[in-house]
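A short write-up of the structure that comes next.
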Amino acid sequence: MELSNLKTYYFLRKGLFKRLVVRAVDGVSLVFREGEIVSIVGESGCGKTTLGKTSVKLVEPYDGKIVFEGKDITRMDGDLKWFRRRAQIIFQDPFQSLNPYHSIFDILKEPLDNLFRGEVDDPTEKIMKTLEEVRLAPPEEFLYKYPHMLSGGQRQRVNIARALIVDPKFIVADEPVSMIDASSRAEILTLFREIQNRRRTAIMYITHDISTAKYFSDYIAVMYAGKVVEYGRTMEVIKNPLHPYTVGLIASVPEPDPENRKRFRPVIGGEPPNPINPPPGCRFHPRCPKRFEPCDKIEPQLKEVEKGHFVACHLYE
Amino acid sequence: MGLLLEVRDLHLYYRTIKGVVQAVDGVDLRLEEGKVVGLVGESGCGKSSTANAIMKLLPKNTARYDGEILFDGVNIIDLDDEIFRREYRWKRIAMVFQGAMNSLNPVIKVGDQVAEPLILKEGYTRAEAEARVKELFRMLNLPESFVNRYPHELSGGMKQRVVIAMAMVLEPQLLILDEPTSALDVSVQAQIMNLLKKLKELKRMSMIFITHDIALASDLSDYMAIMYAGKIVEFGTIEEVLLDPKHPYSQGLIAATPVLSRDVPPKFLPGNPPSLINPPKGCRFKDRCKYRMDVCDNEPNSIKLSDSRYVKCFLYH
Ligand SMILES: Nc1ncnc2c1ncn2[C@@H]1O[C@H](COP(=O)(O)OP(=O)(O)OP(=O)(O)O)[C@@H](O)[C@H]1O
Ligand SMILES: [Mg+2]
């Protein structure tokens, strides 16, 4: 999948004549290759969920281009079935995203009915296999259970199974473990990684937690106020962050260390901007410890600063 | 350094249609003046219930509430409700509730919400109360003028500062913070943690810091209490618990925490915590424990490993 200069705006009406524009995603270009995981890391309101929804066509882009398997699907709306079989999304909340009145069997059969009516020889077998793949085993034990009978981690596996059952080529996983207990998070992510390795799926992993992105992705794109401010190989971005926002974000992540309580953390002041009224120039400049002359006037462009490592910041021009 | 709080064999059970929930089951805790204990555990293990038990805020369906809570030498469990309400709750022991920033009264200016107990409980005049609130705002890095704002005019981090101000306004000796940053962005979370550190130093306030995030707890805590299924399975100084965890659950929880600065991938703990209704006899962690022995079907005692540390596990009996 290739996203080029993708923009997703929400238009809100305020009063009779005023229209507010929320520039949730404002010119993002990214590539997702077979068998690779790209993490989209950022804080609330940076547009990461909108980016995910736009790329699987749950939300219409305002501008830009989405190319999938060589096809321009930006404005495709008639034959969406073709695309839905190939691109799936997994949402954050394992408690709200499953219909409580449907058994696991029903939940997993639904996408087969909707997207493959009659084309799957033995849906039950396919469902059992997929349950095994997400390690809800033995599958017979889960088929006729209802979501409330499962733990959070098990529910999230059902969510993953529901996405996998159509054998997608591209999956958006929007904070798939943020509601799951710390001791089980790594389990879900490891499972994900294994499945992805086996199936060679391309994955967009959306998270606010750069430390899980570290273990789970090949590339990281850091988003701030609707834009990608830094992009590169995961280890490169984490070990050698270039954008002052990325640097601050990494410094903000708590680490289990008894020495921490004896020192203050270098923090980024302020809070992420409102996407209705992002600051002019570089959107991070009001919070940036390194801002200088051009930052409040000229918007920096994403540029390759080191091989494969891109950053949008005037410090590197 | 004086002992401020000593909790012994605290129980809080709830009556439900499905049975009795043993949310707090024989909890021991101790805290000195000016120190912070991190109460860490996964969702539903009884952290908030422990806090509510110390605040003596019990729901109608309480089935059992006993043990000892010695606060400054007085067993507040036995204390007359009226006396506790008048002389202890909010005045000497205060709490920032989980999710409190979303339950601020939307139609009252935040300054007035913070000032209320000063006027109602302490007999301050309006002007005196306002001066006091402004002083508090300054200390919490909130502009003084924000006393005249309504909750919706504040960002998440600002609202969290306001609810901290509400808990601190009567200068309690003990402040309980229940997940005070979990709804905030990492960069804002880091600001609040710095602020709490400053308060700890400046006011020499004792705190119980409740979180599911062991890394975050290490940012502030001198002691760490690891809670699992209604029990504190390990208690010790932060150095003891983080650097040399003894209980297999503490070990698992620490190993499951992803760390940005190190290259050890997180390992997961298989399984889920037991239900607190009819939990298994004996050690509640045994079904997930790789060291499980026959003897684990009995209740493990609290084993003292050092002056500051105890653990509940048969490996150390
Ligand atoms: N008023 C109540 N009546 C019945 N059960 C309750 C009540 N309050 C809490 N519980 C149950 O008691 C157990 C402990 O809950 P508690 O809220 O103390 O956990 P917690 O550790 O604070 O969890 P979290 O991390 O999700 O906030 C849970 O099983 C919960 O469902
Ligand atoms: Mg709680």
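Looking at this structure, is B:V40 crowded, with 20+ Cβ neighbours inside 10 Å, of a type outside the set (D, E, K, R) and more than 7 Å from ligand 1 (Cβ to nearest atom)?
Numbers: crowded, with 20+ Cβ neighbours inside 10 Å: yes; of a type outside the set (D, E, K, R): yes; more than 7 Å from ligand 1 (Cβ to nearest atom): yes.
Yes, satisfied.
Let me confirm something: among B:E299, B:E239, B:E234, which residue is among the acidic types (D, E) and within 30 Å of A:I238 (Cβ to Cβ)? Before the answer, list the steps.
Values: B:E299 fails: within 30 Å of A:I238 (Cβ to Cβ); B:E234 fails: within 30 Å of A:I238 (Cβ to Cβ).
None of the others qualify; the one that does is B:E239.
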Legend entry - Hits in the stretch A:135-168 (condition: assigned to a helix (DSSP H, G or I) and basic (K, R)): A:R155, A:R157, A:R162
Legend entry - Selection within the stretch A:181-208 - within 14 Å of chain B (Cβ to nearest Cβ), under 28 Å from A:V67 (Cα atoms) and touching a residue at least 40 places away in the same chain (Cβ under 8 Å): A:R193, A:Y205, A:T207, A:H208
Legend entry - Odd one out for B:M95, checked against (1) within 16 Å of ligand 2 (Cβ to nearest atom); (2) touching a Pro at 6+ places or on another chain (Cβ under 7 Å): (2)
Legend entry - Residue under evaluation B:N105, criteria (1) of a type outside the set (A, V, I, L, M); (2) within 13 Å of ligand 1 (Cβ to nearest atom); (3) under 23 Å from B:I192 (Cβ atoms), criterion not met: (2)
Inset, instruction - Could you list all residues from the stretch B:204-224 that are farther than 22 Å from A:M179 by Cβ, away from chain A (no Cβ under 11 Å) and of a type outside the set (S, T, Y)? - result: B:R204, B:M205, B:M207, B:I208
Legend entry - Residues satisfying the stated conditions in the stretch A:245-273, i.e. of a type in the set (S, T, Y) and more than 7 Å from chain B (Cβ to nearest Cβ): A:Y245, A:T246
Legend entry - Checklist (1) on the phi > 0 side of the Ramachandran plot; (2) within 16 Å of ligand 1 (Cβ to nearest atom) applied to B:A217, failing item: (1)
Inset, instruction - Please enumerate the residues belonging to the stretch B:17-37 that are near ligand 1 (Cβ under 10 Å from one of its atoms) and in contact with a Ser or Thr (Cβ under 6 Å, 6 or more places away or on another chain). - result: B:A23, B:V24
Legend entry - Residue under evaluation B:M227, criteria (1) within 16 Å of ligand 2 (Cβ to nearest atom); (2) more than 24 Å from B:S308 (Cβ to Cβ), criterion not met: (2)
Legend entry - Members of the stretch B:22-45 found to be within 12 Å of ligand 2 (Cβ to nearest atom), out of contact with any Lys or Arg (no Cβ under 7 Å at 6 or more places or on another chain) and within 14 Å of chain A (Cβ to nearest Cβ), listed by number: B:V40, B:E42, B:S43, B:G44, B:C45
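Among strands (runs of 3 or more DSSP E) lying entirely in the stretch A:1-102, which contain 3 or more residues that are on the phi < 0 side of the Ramachandran plot and within 16 Å of the chain's Cα centre (by Cα)? Explain how you work it out, then say what you get.
Working: elements: A:2-14, A:18-31, A:37-41, A:63-68, A:87-90.
Once the strands (runs of 3 or more DSSP E) in the stretch A:1-102 are filtered for at least 3 residues that are on the phi < 0 side of the Ramachandran plot and within 16 Å of the chain's Cα centre (by Cα), what remains is A:2-14, A:18-31, A:37-41, A:87-90.
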Legend entry - Members of the stretch B:180-193 found to be within 9 Å of chain A (Cβ to nearest Cβ), assigned to a helix (DSSP H, G or I) and aliphatic (A, V, I, L, M), listed by number: B:V186, B:V188, B:A190, B:M193
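Name the residues in the stretch B:164-179 that are in a loop (DSSP other than H, G, I, E, B) and more than 16 Å from ligand 2 (Cβ to nearest atom), would you? Steps first, please.
Applying the first criterion (in a loop (DSSP other than H, G, I, E, B)) to the stretch B:164-179 yields B:169-173, B:179.
B:V169, B:L170, B:E171, B:P172, B:Q173 - these are the residues of the stretch B:164-179 that are in a loop (DSSP other than H, G, I, E, B) and more than 16 Å from ligand 2 (Cβ to nearest atom).
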Legend entry - Set A:P176, A:P147: member being of a type outside the set (D, E) and either surrounded by fewer than 22 Cβ atoms within 10 Å (Cβ to Cβ) or within 13 Å of chain B (Cβ to nearest Cβ) (or both): A:P147
Legend entry - Boolean, B:A190 is modelled with pLDDT of 90 or more and more than 16 Å from ligand 1 (Cβ to nearest atom): yes
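Report, by residue number, each residue of the stretch B:43-73 that is among the hydrophobic types (A, V, I, L, M, F, W, C) and near ligand 1 (Cβ under 7 Å from one of its atoms).
Here is the first cut: in the stretch B:43-73, the residues among the hydrophobic types (A, V, I, L, M, F, W, C) are B:45, B:51, B:53-55, B:57-58, B:63, B:69-71.
Within the stretch B:43-73, B:C45 is the sole residue that qualifies.
So, in the stretch B:47-62, exactly how many residues are buried (at least 16 other Cβ atoms within 10 Å of the Cβ), more than 14 Å from chain A (Cβ to nearest Cβ) and either over 22 Å from B:R86 (Cα atoms) or within 16 Å of ligand 2 (Cβ to nearest atom) (or both)? Let's see the steps before the verdict.
Within the stretch B:47-62, the subset buried (at least 16 other Cβ atoms within 10 Å of the Cβ) is B:47-56.
Now drop any that are not more than 14 Å from chain A (Cβ to nearest Cβ), which leaves B:48-56.
With the extra rule that they be either over 22 Å from B:R86 (Cα atoms) or within 16 Å of ligand 2 (Cβ to nearest atom) (or both), the set shrinks to B:48-55.
Within the stretch B:47-62, residues that are buried (at least 16 other Cβ atoms within 10 Å of the Cβ), more than 14 Å from chain A (Cβ to nearest Cβ) and either over 22 Å from B:R86 (Cα atoms) or within 16 Å of ligand 2 (Cβ to nearest atom) (or both) number 8.
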Legend entry - Odd one out for B:S182, checked against (1) more than 16 Å from ligand 1 (Cβ to nearest atom); (2) at pLDDT below 95: (1)
Inset, instruction - State yes or no: is B:G67 in contact (Cβ under 8 Å) with a residue 12 or more places away in the chain, more than 13 Å from ligand 2 (Cβ to nearest atom), in a strand (DSSP E or B) and on the phi > 0 side of the Ramachandran plot? - result: yes
Inset, instruction - Among what's in the stretch B:141-163 and is crowded, with 19+ Cβ neighbours inside 10 Å and charged (D, E, K, R), pick the residue that is farthest from ligand 2 (Cβ to nearest atom). - result: B:R161
Inset, instruction - Name every residue in the stretch B:185-197 that is in contact (Cβ under 8 Å) with a residue 24 or more places away in the chain and closer than 14 Å to A:R261 by Cβ, in order of residue number. - result: B:M193, B:L195, B:L196
Inset, instruction - Tell me, please, whether a residue that is within 16 Å of ligand 1 (Cβ to nearest atom), away from every other protein chain (no Cβ under 14 Å), in contact (Cβ under 8 Å) with a residue 60 or more places away in the chain and of a type outside the set (K, R) can be found in the stretch B:129-148. - result: no
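The values are calculated or read from the model by the stated rules, or taken from the named source; none is laboratory data. Because the structure is predicted, anything quoted here is derived from the model rather than measured. Glycine also receives a Cβ, built like all others from the backbone with ideal geometry; neighbour counts cover every protein chain displayed.
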